[in-house]
Amino acid sequence: MATIKDIAEKAGVSIATVSRVLNYDPTLSVTDETRKKIFEIAEELSYKKRSVKTQTSKIAIIHWYTEKEELEDLYYMSIRLGIEQRCQQLGIQVVNYFYNKLNEVRQENIQGIIAVGKFSENEVAALSEITEYIIFVDYSPDDNAYDSVVIDFEEATKKIINYLLAKGHRSIGYIGGREKFKDGSSEIEDLRDKTFRSYLQERNLFNESFMYIGKFTVNDGYRLMKQAIHDHGENLPTAFFAGNDSIAIGCLRALHEENIAVPERVNIIGINDISISKYIFPSLTTLKVYTELMGETAVDLLLERIAGRKVAKKIIIATELIKRNSSF
């Protein structure tokens, strides 16, 4: 496993700087360029390359996140790097665009598009005007029309809850986020909080006051955990499922500031297993999403489409619980 020292050497910064960036230290003053460099190196050092035959073509990655947003939620950065690494192995040229730059994409001589993130009906239609070869990653707008690579977040949520129940927890909280399509057309249903609610209700263990919803960021994880501590005091749940690892990192910081022991008093479990999860303190128990594989698979699906496959495929990537020090 790569170490913080390895990351620091490759990034050309101090070990202390890397540690503080990976822990989202709010008192550290570094540029977004430096943060991005450190995060990308951490991802790349976790990525295992494969040697394959090369081809020549050009594809576009369309992101629904800006670079700034990507730094707050490394899930999408990891998917992007998986796509780019796979394309590099295959000798495929990649161009990156944000969703609102489709006019520029039309001027590129591309063979296909990999759309990373969640796209509204109107946005999907706009992408379809550019090329018939589109692969969606982390979202499936139409199982019968488009290829997609997704995670079963309903099953993932049940897996986390079952783990906590098996450890004896009966007071479980949720801190998560909600998202909207970038064109503002509607809010996107999130299967994590929906499943959390219904699965615990079936077991008569659901408490509405233990649910907190904001954004999928470190800052909102911190803010909402502070709110939960204020709201519940000594009756704070013994465990929290965080909707992603960024939220979990914020939760850990808030608990540390309030001198609430993790995992002795409160267990924290995230989801994604972004590369920095093993470097924070305490190291984060999380449900690993194989984001690099999601990116790789999207490239392979696109090549199949270009080669002539007509029937749509929806690929569901498995998850795996990675136990570290933030839970029993």
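The values are calculated or read from the model by the stated rules, or taken from the named source; none is laboratory data. In this text, all values refer to a predicted model and were calculated from it rather than measured experimentally. Cβ coordinates were reconstructed from backbone atoms using ideal geometry, including for glycine residues, and neighbour counts include every protein chain displayed. SASA here: full protein model, heavy atoms, side chains in, ligands and nucleic acids out. Shrake-Rupley method; radii C 1.70, N 1.55, O 1.52, S 1.80 Å.
Here are a few things to note about the model shown:
- Against the criterion of being open to solvent by 20 Å² or more (accessible area, probe 1.4 Å) and at pLDDT 95 or above, Asn162 qualifies.
One line per residue, one yes/no per condition, for (1) more than 21 Å from Asn23 (Cα to Cα); (2) modelled with pLDDT under 95:
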| position | (1), (2) |
| --- | --- |
| Met225 | no, no |
| Leu255 | no, no |
| Ala261 | no, no |
| Ile274 | no, yes |
| Leu301 | yes, no |
| Ile306 | yes, yes |
| Ile322 | no, no |
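The rows are residues; the columns are (1) modelled with pLDDT of 95 or more; (2) among the hydroxyl-bearing types (Ser, Thr, Tyr).
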{"site": "Val94", "(1), (2)": "yes, no"}
{"site": "Glu104", "(1), (2)": "no, no"}
{"site": "Ile135", "(1), (2)": "yes, no"}
{"site": "Ser140", "(1), (2)": "yes, yes"}
{"site": "Asn144", "(1), (2)": "yes, no"}
{"site": "Glu154", "(1), (2)": "yes, no"}
{"site": "Leu191", "(1), (2)": "yes, no"}
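- When we screen Gly173, Gly177 for residues that are under 20 Å from Gly243 (Cβ atoms), in contact with a Pro (Cβ under 7 Å, 6 or more places away or on another chain) and not charged (D, E, K, R), the only hit is Gly173.
- Within the range 174-187, if we keep just the residues that are among the small types (Gly, Ala, Ser) and part of a loop (DSSP other than H, G, I, E, B), the residue that is nearest to Asp152 (Cα to Cα) turns out to be Ser186.
- Any hit, the range 188-205, residues being part of a strand (DSSP E or B), closer than 30 Å to Gly112 by Cα, open to solvent by less than 70 Å² (accessible area, probe 1.4 Å) and in contact with a Phe, Trp or Tyr (Cβ under 7 Å, 6 or more places away or on another chain): yes
- The C-beta contact set for the range 273-286 (first residue aliphatic (A, V, I, L, M), second residue at pLDDT below 95, distance under 6 angstrom, 6+ apart or interchain) comprises Ile274/Leu74; Ile276/Leu22; Ile276/Ala42; Ile280/Asn23; Leu284/Ser277.
- Residue list for the range 289-312, restricted to those being open to solvent by 40 Å² or more (accessible area, probe 1.4 Å), within 30 Å of Ser275 (Cβ to Cβ) and not hydrophobic (A, V, I, L, M, F, W, C): Tyr290, Asp300, Glu304
- Flag for Thr286 being touching a helix residue (DSSP H, G or I) at 6+ places or on another chain (Cβ under 6 Å), open to solvent by less than 20 Å² (accessible area, probe 1.4 Å) and β-branched (Val, Ile, Thr): yes
- So Tyr212, is it of a type in the set (Ser, Thr, Tyr) and in contact with a strand residue (DSSP E or B) (Cβ under 7 Å, 6 or more places away or on another chain): yes
- Check on Glu154, of a type in the set (Asp, Glu), under 17 Å from the mean Cα position of the chain (by Cα) and within 29 Å of Asp193 (Cβ to Cβ): yes
- Selection of the range 19-31 for residues being without any contact (Cβ under 8 Å) to a residue 40 or more places away in the chain, closer than 21 Å to Leu81 by Cβ and open to solvent by less than 60 Å² (accessible area, probe 1.4 Å) yields Val21, Val30.
- Close pairs from the range 55-68: first among the hydroxyl-bearing types (Ser, Thr, Tyr), partner modelled with pLDDT of 85 or more, Cβ under 7 Å, at least 6 apart: Thr56/Gly91; Ser57/Ile92; Ser57/Gln111; Tyr65/Tyr76; Tyr65/Gly117; Thr66/Phe98
- Sole residue being within 16 Å of the chain's Cα centre (by Cα), surrounded by 15 or more Cβ atoms within 10 Å (Cβ to Cβ) and of a type outside the set (Lys, Arg), chosen from Ala318, Ala248, Ala239: Ala248
- Flag for Ile260 being open to solvent by 30 Å² or more (accessible area, probe 1.4 Å), touching a Ser or Thr at 6+ places or on another chain (Cβ under 7 Å) and not basic (Lys, Arg): no
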